[in-house]
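Only one structure is covered here, and it is reproduced in the block below.
The values are calculated or read from the model by the stated rules, or taken from the named source; none is laboratory data. Values in this document were obtained by computation on a predicted structure and should not be read as measured data. Here Cβ is always computed from backbone atoms with ideal geometry, including for glycine, and neighbour counts include all displayed protein chains. The protein model used for the area step is the full one, side chains on, heavy atoms only, and it has no ligands, DNA or RNA in it. Shrake-Rupley method; radii C 1.70, N 1.55, O 1.52, S 1.80 Å.
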Amino acid sequence: MKLWILFSLLILPLLCVQGVDVSQLFSTSTYTCLKNNGKQFAIIRGYYSYGAVDVNVVNNLNNARAAGLITDIYMFPCRGKSASAQVDTLMSSVSSNLYGMIWLDVETNPSSGCGWGKDYTANCNYVAELIARVKSHGKTPGIYASEYMWETIMGSRTACPSVASTQLWYAHYDNSPSFSDFRQIGGWTKPNIKQFKGDTTLCGAGVDLNYYP
């Protein structure tokens, strides 16, 4: 192998962007530590699984932005409540200039009255309504899901392809910041972000680790 090819292969993994997602309130100093450890973005919980705005979301966004991180938010919707009303509540509670995208968390919900049922078509339509409502507010939605969760909620791994015009953030805890493991989910044949390690500690903070090429 020529030397320049070897060098390119060694340097390529360093060009990817890594970040965290969080569900707790952290200080600016903690986010600064995360940035100093090579994290460039933070996806912050904006909405609780039981159907309410996260009380810490605005402070978290301000702290992360003060540390120089790029910020998005994620929404864990309650399936038992109106999709549109929940989006409206979240977006009226958080200034749009504090974040970029809203990631819609599609996974089993343990909160009372908020679980997904077995009407797979209705579940697909519910996600489509969430997406449409976010867009109606002028923001870009994305979907967070794992292969297993999508199959559980939609009935099969490749079901509900109609919502694949959005970006996909998928979860697979193989500790590998790459898309080499990806298989089609819904209508997505290519992901945008990967959550490759969950429930870890960095800078004294409980975070999940994410890869963005």
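Please give the length that would be gained between residue 81 and residue 24 if that part of the chain were fully extended, namely 0.36 nm times their separation in residues minus their C-alpha to C-alpha distance (nm, one decimal).
Values: separation 57, 0.36 × 57 = 20.52 nm, distance 2.37 nm.
Stretched out fully, the residue 81 to residue 24 stretch lengthens by 18.1 nm.
Within the range 161-201, name every residue whose backbone N is under 18 Å away from a label modeled 7 Å from Cα of residue 37 along the Cβ vector.
174-177, 195-201
What span do the alpha-carbon atoms of the range 167-213 cover on each of the three principal axes, reported in whole Å from largest to smallest?
For the range 167-213, the Cα spread along each principal axis is 37, 18, 17 Å.
Report residue 133's accessible area, 1.4 Å probe, all protein chains in place, as a number in Å² to the nearest 10.
Near enough 80 Å² of accessible area.
Could you work out which residue, out of 148, 47, 74, moves most in a Gaussian network model of the chain, that is, has the largest mean-square fluctuation with Cα springs under 10 Å?
Comparing 148, 47, 74 in the GNM, the peak value goes to 148.
I need the calculated FRET efficiency for the pair residue 89 and residue 146, taking r as the beta carbon distance and R₀ as 25 Å, to the nearest 0.05. Mind showing how you got there, number by number?
Working: r = 26 Å, r/R0 = 1.05.
Step by step, r from the Cβ atoms, then E = 0.45.
Calculate the FRET efficiency for residue 66 and residue 122 from the Cβ-Cβ distance with a Förster distance of 45 Å, rounded to the nearest 0.05. Don't skip to the end; give the middle numbers.
Values: r = 42 Å, r/R0 = 0.93.
About 0.60, to the nearest 0.05.
Within the chain, which whole H helices from DSSP have a Cα span along their axis of at least 20 Å and a mean Kyte-Doolittle hydropathy of -1.0 or more, if any?
Numbers: long enough: 120-136 (24 Å, 0.09).
Span-like helices in the chain: 120-136.
So for the range 91-176, Kirkwood radius off the Cα pairs, Stokes-Einstein at 20 °C and 1.002 mPa s: how many µm² s⁻¹?
Values: Rh = 13.9 Å.
In µm²/s, the coefficient is 154.
Need the full-extension length gain, residue 132 to residue 212, defined as separation in residues times 0.36 nm minus the C-alpha distance. One decimal, nm. Walk me through the numbers before you get to the answer.
Numbers: separation 80, 0.36 × 80 = 28.80 nm, distance 2.46 nm.
The span from residue 132 to residue 212 would gain 26.3 nm if fully extended.
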